[in-house]
1. Given the structure, is Ile365 closer than 29 Å to Ala285 by Cβ, of a type in the set (Val, Ile, Thr) and crowded, with 21+ Cβ neighbours inside 10 Å?
2. Please determine, by comparing only the residues of the stretch 53-65 that are within 17 Å of Thr4 (Cβ to Cβ) and not in a strand (DSSP E or B), which one is nearest to the chain's Cα centre (by Cα).
3. Residues in the stretch 15-52 that are open to solvent by less than 60 Å² (accessible area, probe 1.4 Å), of a type outside the set (Val, Ile, Thr), farther than 14 Å from Ala5 by Cβ and not in a loop (DSSP other than H, G, I, E, B): how many?
4. Tell me, which residue of the stretch 119-171 that is among the β-branched types (Val, Ile, Thr), open to solvent by less than 20 Å² (accessible area, probe 1.4 Å) and assigned to a loop (DSSP other than H, G, I, E, B) is modelled with the highest pLDDT?
5. Answer yes if at least one residue in the stretch 373-392 is open to solvent by less than 30 Å² (accessible area, probe 1.4 Å), touching a residue at least 24 places away in the same chain (Cβ under 8 Å), over 24 Å from Ala172 (Cα atoms) and part of a helix (DSSP H, G or I), and no otherwise.
6. Yes or no: Ala411 in contact with a helix residue (DSSP H, G or I) (Cβ under 9 Å, 6 or more places away or on another chain), crowded, with 19+ Cβ neighbours inside 10 Å and in a loop (DSSP other than H, G, I, E, B)?
7. Which condition does Pro419 not pass, out of (1) within 25 Å of Ile300 (Cβ to Cβ); (2) at pLDDT 90 or above; (3) open to solvent by less than 30 Å² (accessible area, probe 1.4 Å), if it passes all the others?
8. Pairs please, first residue from the stretch 187-211 and within 21 Å of Ser251 (Cβ to Cβ), second anywhere and of a type in the set (Lys, Arg) and assigned to a helix (DSSP H, G or I), Cβ atoms under 6 Å, 6+ apart in sequence or on different chains.
Amino acid sequence: MSRTADIVDRITSQIERGLLKPGDRLHSVRAGAQEHGVSKNTMSEVYDRLVAMGRVEAKQGSGYYVARAAKPRDEPRPPHLAEAVDHVSLLREQLERHYAVRVGDGRPPPSWLERLEVGAHARLVRPVGGSDLDHGYGSPWGYAPLRERVALMLADRSITAPPERILLTQGANHALDLVCRQLLEPGDTALVDTPGYYPLFGKLKLARVTVAGVRRRADGPDLEDFAAKIAEHKPKVFFTQSLAHNPTGGSISIAVAHRLLQIAAQHGVLIVEDDPFADVLPASAPRLAALDQLERVIYIGTFSKTLSASLRVGYIAAAPALAQSLCDLKMLTVVSTSDYVERLIFTLIAGGQYLRHLRRLKARIETASRQAMAALERVGIAVPAAPAGGYYIWGTLPAGLDEGELVRAAADRGIFLAPGSVFSTGKVAEGVSLRINIAYASDPRFLDFIAEQVAGIGR
């Protein structure tokens, strides 16, 4: 974490704990810099960030003050603070970020990614050959040197995909949207993991595609349920996340992967494999695309989960004819993706900054996962699938709790939860499950809240 972010977090924590109260005057820039052992420029940036966050108010000629509450406490809670109980509200909160304790978030804290200092490298962005940036649309396929680099990354994962079979997209969600548009029509049925990636459910429903869930187990999709759902629904496509699955955190076994491909081939079902954490997972992990070599599998990757959610760059690797069709569809819908952002990511990869960043990120994930598992066990949350290198743990709570009441109570305490029902395609079995972000799982405010709820069962 940078010194700026560290000081921002420290002052924010003091405000949240009541050590600094609304209206309190903060140190001057000079005094704050001396207290924290940083330059005045750094301290000025700290205050600018706190002002932008709404934590601090700047009064010209007077200094910086802890911001006062914008509304009286007895006013109704604004709509954006309603608990996350469906696809839209859960996604909205992850983008707008109103809650203080973000256990249900899909992303890591900004501080996990900040040391990469993307802005410092933006000035280095140049086309290969050293000429000035071309301010046209760029190729609809995406920046060629980055596609070549992605091809090398896929080769490390035993996936053979030359650059002409790789299409750059605006992140994995854009890739999924293109695939949905290309392969499915209103009235078709698609299979998905359940619990599974809830934004995908929304895309499919928006396209008027019937969604059928395949039970997700600790070692991958339930093969019996997969075969049964194929027989019942005659689907065209199965969407799945093989590794570091969102939301359960588990990964597919090699035996399940082999049998899954056999069943899909037998019934003519295409598989879309979304691999958002690939860059922090072992290259040798069992990927369907590596076993199938993109004959029946369409492979999707992204830099958004491991580099920056603001740098919307992902990719699709597919069979040649399908890749060309997806490129044509991309042109018709968004024309092209950002050549500038793609060049920036290529610069970070080629210069070695991304590799160094990934080493730090992997270490953070490993440490946070260990701490989270121990903390959740202490408060009575069971974890059926050990985390496999991503950001998520699927936690189940003791019987006797009501999901809706739990989420509402958490929201009243400023705690953002991601309830299990949002990740399900159908009726949820009795009991309460949560998707838990490992980065926030050890927050004492969350743990104290869960301990109180568990202790209150049966009272």
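1. Taking the combined requirement at face value, the residue satisfies it.
2. So the residue we want is Met53.
3. Looking only at that region, the number is 4.
4. Filtering the stretch 119-171 for residues that are among the β-branched types (Val, Ile, Thr), open to solvent by less than 20 Å² (accessible area, probe 1.4 Å) and assigned to a loop (DSSP other than H, G, I, E, B), the one modelled with the highest pLDDT comes out as Ile159.
5. Looking for residues that are open to solvent by less than 30 Å² (accessible area, probe 1.4 Å), touching a residue at least 24 places away in the same chain (Cβ under 8 Å), over 24 Å from Ala172 (Cα atoms) and part of a helix (DSSP H, G or I), one finds at least one in the stretch 373-392, hence yes.
6. no
7. Evaluating Pro419 over (1) within 25 Å of Ile300 (Cβ to Cβ); (2) at pLDDT 90 or above; (3) open to solvent by less than 30 Å² (accessible area, probe 1.4 Å) leaves (1) as the failure.
8. Partner pairs satisfying both residue conditions: Leu191/Lys229.
The values are calculated or read from the model by the stated rules, or taken from the named source; none is laboratory data. Model, not experiment: these values are computed from the prediction. So basically every Cβ, Gly included, is an ideal-geometry build from the backbone, and we count neighbours across all protein chains shown. In case anyone asks, the SASA skips ligands and DNA or RNA and just uses the protein heavy atoms, side chains included. Shrake-Rupley method; radii C 1.70, N 1.55, O 1.52, S 1.80 Å.
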